[in-house]
Structure formats: structure tokens, C-alpha cells
1. Pairs only if they're at least six apart or on different chains, beta carbon under 7 angstrom, first in the stretch 292-305 and hydroxyl-bearing (Ser, Thr, Tyr) and at pLDDT 95 or above, second part of a helix (DSSP H, G or I) and open to solvent by less than 20 Å² (accessible area, probe 1.4 Å); list them, first residue then second.
2. Looking at 453, 492, 469, 506 in this structure, which one is free of Cβ contacts under 8 Å to residues at least 12 places away in the same chain and either touching a Lys or Arg at 6+ places or on another chain (Cβ under 9 Å) or surrounded by fewer than 17 Cβ atoms within 10 Å (Cβ to Cβ) (or both)?
3. Given the criteria in a loop (DSSP other than H, G, I, E, B), charged (D, E, K, R), out of contact with any Asp or Glu (no Cβ under 6 Å at 6 or more places or on another chain) and closer than 27 Å to residue 504 by Cα, does residue 230 qualify?
4. Restricting attention to the stretch 255-282, report how many residues are open to solvent by 20 Å² or more (accessible area, probe 1.4 Å) and assigned to a helix (DSSP H, G or I).
5. Before we move on, is residue 373 open to solvent by 70 Å² or more (accessible area, probe 1.4 Å), more than 29 Å from residue 567 (Cβ to Cβ) and in contact (Cβ under 8 Å) with a residue 24 or more places away in the chain?
6. All but one of (1) under 14 Å from residue 595 (Cβ atoms); (2) surrounded by 23 or more Cβ atoms within 10 Å (Cβ to Cβ) hold for residue 460, so report the exception by its number.
7. Over 32 Å from the mean Cα position of the chain (by Cα) and not basic (Lys, Arg): which single residue out of 538, 515 fits that description?
8. Could you look through the stretch 591-613, keep only residues that are of a type in the set (D, E, K, R) and open to solvent by 80 Å² or more (accessible area, probe 1.4 Å), and pick out the one that is modelled with the highest pLDDT?
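The values are calculated or read from the model by the stated rules, or taken from the named source; none is laboratory data. Small disclaimer: the values here were computed from a predicted structure and weren't measured. Heads up, the Cβs are rebuilt from the backbone with ideal geometry, glycines too, and the neighbour counts pull from every protein chain shown. Just so you know, the surface numbers come from the protein's heavy atoms only, side chains and all, with ligands and any DNA or RNA stripped out. Shrake-Rupley method; radii C 1.70, N 1.55, O 1.52, S 1.80 Å.
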Amino acid sequence: MNKCWGRNSYFSRTVGLSMPAGNRAKIYQAILSTLKEMLANVSMLASIQSARPFLGQWMETPLCGSAKMELRVVCCVLLTCLFYTSSADKDFFTSIGQMTDLLYTEKDLVTSLKDYIRAEEDKLEQVKKWAEKLDVLSATATQDPEGFLGHPVNAFKLMKRLNTEWGELESLVLKDMSDGFISNLTIQRQYFPNDDDQTGAAKALLRLQDTYRLDTHTISSGELPGTNKDVAMSPMTVEDCFELGKIAYSDADYYHTELWMEQALKQLDGGEESSVDMVTILDYLSYSIYQQGELERALDYTKRLLKLDSAHQRANGNLKYFEYQLAKQNKVEAEESQKEKEKREREKREASDKKGRPADYLPERRKYEELCRGEGIKMTPRRQSRMFCRYSDNNRHPLYVLGPVKQEDEWDRPRIIRYHDILSNSEIEKVKELAKPRLRRATISNPITGVLETAHYRISKSAWLTAYEDPVVDKINQRIEDITGLNVKTAEELQVANYGVGGQYEPHFDFGRKDEPDAFKELGTGNRIATWLIYMSDVPSGGATVFTDVGAAVWPKKGSAVFWYNLFASGEGDYSTRHAACPVLVGNKWVSNKWMHERGQEFRRRCTLNESE
């Protein structure tokens with residue numbers, strides 16, 4: 001039997017086709033088909049694991065000459081496809097859960113780097129011993145060269161050393177010990193974050209700074225509210241602060257550029273060593289301050305820069321321009337009347353008050369961030385007195401008569417209810433285990449085109465779990481139906497989401513509005529009547545669910561779920577349910593949610609004729 005590429009070869013039998021010499025393309029086509037099938041049925045990691053024996057059997061099969069080269073090509077194609085597919089959806093910064101894999105990648109690289117260092121040290125040790133031995137020998141020999149070489153053994157060994165041993169030493173010195181490390185680094189680099197991830201993580205820090213009113217020193221030192229003292233944290237360096245400032249600068253965000261360049265400058269002035277020089281920082285700082293209309297401060301920083309580098313071309317140009325503009329401004333001020341001076345001072349104060357973050361597209365930004373900080377509207381004592389905690393059996397449901405669920409009123413209008421101890425730790429871990437390999441960047445529906453797309457105001461990754469995938473998912477779906485009384489057969493699948501660095505979802509509605517008539521048309525189940533949101537982790541700081549129209553804030557509690565109706569009983573949308581997920585300041589936020597739709601609820605939540613009931 002021909003064990004190479006013949007009709008009855010192992011490879012032919014495995015892939016299912018014969019391999020005539022002129023038909024190599026079919027090999028690659030068959031392999032790619034097999035790969036796609038593998039990826040369609042199992043997670044990426046499982047696919048790689050299942051591919052190992054498959055590849056291993058190929059490698060163990062005896063190959064004839066040309067076949068070896070072709071097999072290498074085939075394997076390269078296969079592995080490249082595997083690597084490409086596994087890293088196709090990066091956006092690491094949008095999911096803390098997936099970012100944990102990067103820590104293990106880095107740990108593996110550090111191990112590989114240490115191996116390389118040891119190999120280099122061993123090589124240098126050999127060279128050092130050689131040098132020390134010859135140092136002693138040559139010192140002795142050169143005291144009496146003729147007498148030394150008069151001994152035939154010494155003469156022979158000199159010839160041997162110069163003809164052979166020095167050549168061996170040359171080979172040892174030239175030997176590259178980095179091959180293993182570089183190979184590992186090349187493979188792992190395919191899983192590295194890219195520029196978008198770095199920029200996304202940097203903008204997340206700026207978002208957290210603004211939302212929670214943190215100063216640059218607090219962030220740089222890592223002393224954030226809710227931080228676990230047992231968790232290791234390395235403070236930000238001058239380079240880190242400078243990088244944040246540069247990213248803000250590239251967006252023409254001169255407010256944050258100024259803040260972070262000043263922090264970098266403070267750390268440099270404090271004696272921290274850095275590869276970033278003070279001249280570069282002052283250059284960015286003076287220009288960003290000028291762009292915000294503060295000529296005098298911009299001039300001061302420019303003068304400081306020129307003391308360090310008097311030949312700095314741009315700074316010299318800016319110095320002349322700033323001095324000219326300042327002289328012009330002073331002249332105008334000198335000629336002003338008292339009334340005009342008062343007006344100018346008033347305008348100057350107003351401009352100073354407005355100085356700060358760039359103009360925002362979100363009209364409720366201030367209210368949203370106040371709620372995230374816990375500074376929201378407080379209920380009146382009278383309204384608060386009508387909020388209760390109770391045991392609920394959902395109208396004597398058989399499952400909950402003897403074991404009712406803990407129910408707590410979170411808000412009255414709209415009515416937001418929290419159910420405690422809905423999921424156990426084991427159920428939560430199972431849901432996370434099922435979801436993690438499939439997490440993809442969360443999308444939103446474009447209100448104009450209806451197309452799903454990523455958005456900067458939704459920083460998370462999500463996955464959808466169907467009831468038939470695992471008994472736990474089916475059990476959760478049934479539990480939701482039993483507690484809410486709503487039919488989940490027409491609901492969307494269970495969505496699992498994990499938030500990233502500063503992960504958030506800015507204010508939005510869950511239901512389709514009148515200007516979005518096709519929002520859920522393809523589902524054929526009507527609008528989203530209600531939302532069931534499960535918190536699958538505690539969040540030490542940040543991460544609240546806030547309702548910006550009414551001022552409600554619901555804080556994550558592991559194992560609990562919150563429920564509210566998006567539509568009135570009349571079918572009209574309840575606009576007071578506009579809500580948001582606040583940025584996660586510290587921690588790892590996991591949630592899952594179920595959106596119930598109108599179809600199937602006709603006899604479970606009867607309609608009314610009053611639009612707002």
C-alpha cells in the first residue's frame with residue numbers, strides 16, 4: 001500500500017479524495033472545508049484541540065520527498081486559517097473576560113524570554129571561561145615566547161588553537177540563541193491587541209476620569225475607589241501619561257491633552273526617569289493650552305521649553321506669535337472703557353467656566369454621569385414608604401408556593417423590581433463558560449439602515465445562548481417565564497454580555513420607537529414588551545444601571561435580576577424606561593438579559609385602551 005500521496009494513502013482516505021499530481025488545489029480546498037466544518041460546530045479552542053490528532057497523524061505518516069514540502073504548505077495554510085479565525089474579532093478592550101487570556105499569553109512569553117536569557121548567559125559563561133583560560137596562558141607564554149614554543153606540545157597546541165578552536169569560538173559567539181523566543185513571539189503576536197485596542201483602553205481611562213470626576217494623580221497612582229488592596233497594581237509612568245495625552249491630542253481634545261501632559265510633567269519634575277524628554281511634553285502642553293485660549297500660560301510654558309532647547313524651531317515661532325497676540329490683546333484692553341472691561345471680564349469668566357470637555361452629542365450627559373456617581377434624584381419619603389420587600393409566589397405558582405422568590409421594589413414609575421438569588425454560582429459559571437468562547441463585540445441597530453454595527457458608546461462583548469445548548473440555559477428561560485408570567489417562547493435568546501475597560505452602554509431604549517417601524521420586523525414577534533436583566537457578578541465600583549428620565553439607579557448584585565416593562569399595557573412605548581449601563585470603574589461586569597416580545601402575551605398581559613397604562 002502506498003502510504004504517501006497515492007489513491008489509497010492515509011491522507012486520501014482522511015480527506016476523502018485521490019491526489020493526482022496535477023490536482024493539488026483540491027487538497028487545500030478539502031482542508032479548508034474541513035476547517036470550516038470544525039469551526040462551525042465547536043469553539044475555537046476545541047477546534048484546535050480536535051485538530052491536533054488530525055495533524056499529528058499526518059505528521060507521523062511516512063512521506064516521500066515532494067510530499068513533505070506540500071504537507072508543510074498545507075499545514076501552514078491550515079494553522080494560518082486557525083490563527084486568523086481565532087483573532088479575527090479582537091477588540092480586546094471591550095471585554096475584561098477575554099482580556100484575561102492576554103495575561104496567560106504574556107506569562108508564556110516571559111517564560112520563553114527567561115529561557116532565552118538563560119541560553120545567552122550559558123553561552124557567555126562558556127566564552128568567559130575560554131577567555132580566562134587563554135588570558136592566563138598568553139600571560140605566561142609571552143614572558144618567554146621562544147622558551148614556551150620550544151616545547152613541541154606548546155607549539156602544537158598553538159597551531160591547533162588558532163586553526164580550530166578559535167573558529168569554534170567564533171561559531172559559538174555567532175550562534176543565535178533567540179530562535180525559540182522569536183518563533184514563540186511571532187506566533188503569539190497574532191493574538192496581541194492592536195492600535196485600536198490601545199486607543200480604546202486609553203479613551204476608557206478618559207471616560208472614567210470624566211464620569212467619576214477623578215483627577216489625573218488618582219488614576220496615575222491607581223488609587224481608585226473600590227480598588228482591592230490585595231490586587232497588585234503598577235502606577236502609571238511618565239510614558240503612560242504622555243501616551244494618554246497624545247491620544248487625546250490626536251482627537252483635538254486639548255482639555256485632556258493638557259491634563260495628562262501636566263501629569264507627565266509633574267512626574268518628571270518629581271524625579272521620575274523617563275525616555276520621554278521634557279521638551280516634547282512642554283511642546284504639547286503649551287499648544288494645547290493655547291488652543292483653549294490661555295495665551296499667558298501658553299507663553300510661560302513656551303519660555304520654559306526654550307530654556308531647555310533654545311534652538312527649538314517651532315517653539316521660537318510660537319514665542320513670537322504668542323507675544324504678538326498678547327501685546328495686541330493688552331493694547332485693546334488698555335483702550336477699553338470701564339463698561340467694556342467689565343463685559344470682557346464677564347466673558348472671560350464664562351469662557352473659563354465652559355473650559356473643559358469637548359462639546360457632547362448626548363444631551364443628558366450630565367444627568368447620566370451624576371446618576372453613575374450616585375448623585376441622582378432621591379425619592380420623597382412618601383414615595384419611599386410605598387416601596388417594599390416581599391416574598392412572591394407569582395399568583396400561587398406551583399413552583400413558588402413553598403419556595404417563594406425574594407422580591408424588592410427598586411423604583412415605582414416605571415416599576416422596576418429586583419429578584420434576589422435568581423442564579424446560583426454554579427449556574428453563573430456555566431453560563432460564562434458557554435458564552436466566553438463566542439463573545440463578540442456588542443452591536444447596535446442603526447436607526448436609519450437597521451444594520452447591526454459597533455458603536456463607541458457600547459463597550460462590551462456579547463454572545464447568544466439557545467435553550468437546547470445546555471440544560472442550564474433551558475432552566476433559566478423557564479425560571480424567567482415562571483417568575484414573570486410572560487411567554488418566553490417568542491422571546492429573544494439569552495444574551496450574555498461582558499463589559500470591557502470602562503465598559504458602558506450609554507442611554508438607550510430597549511423597545512423600537514415609532515420612527516423605527518422595522519426594528520424587530522424580521523423576528524415577527526412584535527416589539528420588546530419587557531426586559532429581564534441578570535447580574536452575574538458584583539462590581540466593586542461603577543457599573544450601575546441608571547434610568548436617566550426618572551433618576552433611578554440600580555446597582556449590580558451577583559445572582560439577582562431586575563425586571564421592567566418597556567411597553568405600557570396599551571402597547572405604547574414607555575419612554576421613562578430610557579436607561580444606561582454606567583462605565584465600570586473597578587471590576588469585571590457580567591450580565592445576561594432576556595427580551596420578551598409582544599407575541600404570545602395576549603392573554604398573559606391584557607391590553608388597555610389608555611395609552612399610558
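1. As it stands, the answer is 301/282; 301/285; 301/286; 301/289; 302/286; 302/315; 302/322, since those pairs meet every condition given.
2. Exactly one residue qualifies, and that residue is 453.
3. Values: in a loop (DSSP other than H, G, I, E, B): yes; charged (D, E, K, R): yes; out of contact with any Asp or Glu (no Cβ under 6 Å at 6 or more places or on another chain): yes; closer than 27 Å to residue 504 by Cα: yes.
Considered against the rule, which asks whether it is in a loop (DSSP other than H, G, I, E, B), charged (D, E, K, R), out of contact with any Asp or Glu (no Cβ under 6 Å at 6 or more places or on another chain) and closer than 27 Å to residue 504 by Cα, residue 230 comes out as yes.
4. So the answer is 10.
5. On the way: open to solvent by 70 Å² or more (accessible area, probe 1.4 Å): no; more than 29 Å from residue 567 (Cβ to Cβ): yes; in contact (Cβ under 8 Å) with a residue 24 or more places away in the chain: yes.
The answer is no for residue 373.
6. Every listed condition holds for residue 460 apart from (1).
7. Going through 538, 515 in turn, the sole match is 515.
8. Residue satisfying both the conditions and the ranking: 599.
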